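Have a look at the structure below, then the notes.
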Amino acid sequence: MYIYLPVAHTSINILIPMALGLTVGLLSGLFGVGGGFLMTPLLIMMGIPPTVAAATDSSQIVGASTSGTYAHWKLGNVDFRMGSVLLAGGLVGGFGGVQVIKILKAMGNADFVIKITYVLMLGIVGSYMLVESIAAIRRNRNKHREQKPQSDSRLTRAMKKLPLQMEFKKSGVTHSALVPLFFGVFVGVLAAVMGVGGGFLMVPVMVYLLRMPMHVVVGTSLFMILFNSIEVTFLQSYTNHTVDFMLAVLLLIGSTLGAQIGTIFGRKLKGDQLKILLAVVVLAVTFKMISDLTLTPSLLLGSTGGH
Amino acid sequence: MKRRFAKYTILAVMTVAMLAMLSSSASAMTAKANHDDIKIGLTYHGSTVSVSGLTDPNVDLIMKITGEDATEKLMRKDKVAGMWMNVEEITLNHVPEVYYLRSTKDPEAILGAELRNQYVIGYPALREKIDLEPVRPTEQRTKLLDDFIKYKKDGMLYSESLGDVDIKPEGGSESYYTVFDWPYQAPPGQYQVDVYAVKDGQVIDTAQSQVTVEQDGAIKSLSDMAKNNGGVYGLAAIGVSVTAGFGVGMVFKGGGGSH
């Protein structure tokens, strides 16, 4: 059955966005990512105008992340304290990132910087997670149980000397509030430059730099994504009028369900297995981007909107 | 005698001219777009527009449906450091949103370039009409506009086809009938239908009609709200999304439930 989308000005088989929502919602519940880096290009491939795809995706992420945050909250996997500090940093960073984009656009090389940043960040994050997680699984298999006390790195020692030390009980870590605030700003800038929610960047930051347990990372990341996507949805509706409510509802039906299924699957997988799966998804997107950048396009013209 | 002859000659010429005018007005071409008010509802997936009318016998017909002229902004891609990037925004003025052309014979075979340009018949004529900013050398301009036309064809907004026009004798004239597939990608708006009768390399007659495409019911309400009440629309979208998220969470109490 086909349905007409009033803002995208296109007609679509209702099963397609529902299936797409289900897939991306599943990733969201499993890994704590919003899935914008996957959903927006897929919507564009389905014939949705880029500006509408990006804006409507954020509306769908509100639903998926509400569903995911709620499911993880019930499991005790959301560190609200850590999430709030990171979120505050992310909002400041997002504002800064928008200014960076304005400057780059004025200089005429915004697209180059955005795409290179995208490929580099995805490539580095995906490769590191894959290598590290495989090594961790091998270590566990070899049953070298006699765990040597891990010596603190220079960075960790420096972080411990910072003022405003806070205990984040749910994550089982103690950091200066300045540390998550700084990383929040860092991811916020990158996310704004790349035009995404930043979940796939925030998850590795929380795992490897803030040393939070993977399951709490997923729940806390979803909590932050919820607030980010609410802000973006409102701004896109108010400023650009590009949120397609009909499409968002169809995506939501799939994604809210997918987020719950993802959470259930996530409980059955170990942290390292989850990281490997996320790394594979991130690397697949990286390779797709590299091929898009290097293969000659069929048309030398493209739309002005989108991420 | 000579005077009388001249008088009769003038009278005869005037009579012939009047008869010719009368006969011309009797067989003047007509055009009607049936299904000329397309409503876009919830389950709209495109439609059809048929164009029919009467014309002189032994003419070729060219039918054109065009949307209103607009300005389009697109990004031009080029290689930077070995990678394909958007490098420049280009502006195309006087671009019809929709351009569908159908003719009984190849327009290039029956009309000269000057007339095709005058009536904007065929893609080469459309290229001539479009104003490109920033201005480019001819070769680059042609390449960019060819790409633009392909871009529109991929989006089902431009098409050219030959044949598929049903022509039958009717009285001293001929009736013609053709059906255009109307894709769902064509946005709401007013569309102009032009029919040209071509004979001996000249356009000997033209006729016009209109097609209106408009949104209806829930689709119209949502579209209007998105345009005119963005804030309320955004809050409603957020409200529905959050409610749906919680709703599904409640349903999954057993599956994703707490420890």
*Subset of the range B:53-102 that is β-branched (V, I, T), surrounded by 15 or more Cβ atoms within 10 Å (Cβ to Cβ) and part of a strand (DSSP E or B) - its residue that is nearest to the other protein chains (Cβ to nearest Cβ)*: B:V80
*Being at pLDDT 80 or above and either part of a loop (DSSP other than H, G, I, E, B) or in contact with a Gly (Cβ under 9 Å, 6 or more places away or on another chain) (or both) is the filter here, so list the residues in the range A:292-306 that pass it.*
A:L293, A:T294, A:L295, A:T296, A:P297, A:S298, A:L299, A:L300
*Which pairs do you get when a residue that is modelled with pLDDT of 80 or more, found in the range A:194-208, comes within reach of a residue that is among the charged types (D, E, K, R), reach meaning Cβ atoms under 8 angstrom, with the pair 6+ apart or on two chains?*
A:V207/A:K275; A:Y208/A:E132
*Matching residues in the range A:57-76 - criterion: being closer than 16 Å to B:G239 by Cβ and within 9 Å of chain B (Cβ to nearest Cβ)*: A:S59, A:Q60, A:I61, A:V62, A:G63, A:A64, A:S65, A:T66, A:S67, A:Y70
_Just the residues that are small (G, A, S), under 16 Å from B:Y100 (Cβ atoms) and surrounded by fewer than 18 Cβ atoms within 10 Å (Cβ to Cβ), please, taken from the range B:147-187._
B:G155, B:S159, B:S161, B:G163
_Give all pairs with beta carbons closer than 9 Å in which a residue from the range A:83-104 that is in a helix (DSSP H, G or I) meets a residue that is among the hydroxyl-bearing types (S, T, Y); count only pairs at least 6 apart in sequence or on separate chains._
A:G83/A:T220; A:G83/A:S221; A:L86/A:T220; A:L86/A:S221
*Check whether at least one residue in the range A:297-306 is closer than 30 Å to B:A218 by Cα, at the interface with chain B (Cβ under 8 Å from one of its Cβ atoms) and among the polar types (S, T, N, Q), and report yes or no.*
yes
*without any contact (Cβ under 8 Å) to a residue 40 or more places away in the chain, hydrophobic (A, V, I, L, M, F, W, C) and away from chain A (no Cβ under 14 Å), is that true of B:V165?*
no
*Quick one: A:D79 ticks every box in (1) among the charged types (D, E, K, R); (2) touching a His at 6+ places or on another chain (Cβ under 9 Å); (3) more than 7 Å from chain B (Cβ to nearest Cβ) bar one, so which box is it?*
(2)
*Just need a number here: residues in the range A:245-260 that are more than 8 Å from chain B (Cβ to nearest Cβ) and among the aliphatic types (A, V, I, L, M).*
3
_Going by what's in this entry, would B:A236 be described as without any contact (Cβ under 8 Å) to a residue 12 or more places away in the chain, over 24 Å from the mean Cα position of the chain (by Cα) and within 12 Å of chain A (Cβ to nearest Cβ)?_
yes
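Listed here are the residues, each with its yes/no results for (1) at the interface with chain B (Cβ under 8 Å from one of its Cβ atoms); (2) surrounded by 24 or more Cβ atoms within 10 Å (Cβ to Cβ).
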{"residue": "A:P204", "(1), (2)": "no, no"}
{"residue": "A:T220", "(1), (2)": "no, yes"}
{"residue": "A:I230", "(1), (2)": "yes, no"}
{"residue": "A:V243", "(1), (2)": "yes, yes"}
_Residue, nearest to B:D36 (Cα to Cα), within the range B:183-233, restricted to residues that are of a type in the set (K, R) and within 14 Å of chain A (Cβ to nearest Cβ)_ = B:K220
*When the residues of the range A:10-48 are filtered to those that are touching a residue at least 40 places away in the same chain (Cβ under 8 Å) and part of a loop (DSSP other than H, G, I, E, B), which remaining residue is farthest from the other protein chains (Cβ to nearest Cβ)?*
A:V33
*asked:* With farther than 20 Å from A:L43 by Cα and among the polar types (S, T, N, Q) as the only criterion, which of A:T256, A:T294, A:T233 stands out?
replied: A:T294
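The values are calculated or read from the model by the stated rules, or taken from the named source; none is laboratory data. Bear in mind the structure is a predicted one, so any value in this text is a computation, not a measurement. Here the Cβ is made from the backbone with ideal geometry for all residues, glycine too, and neighbour counts use every protein chain on show.
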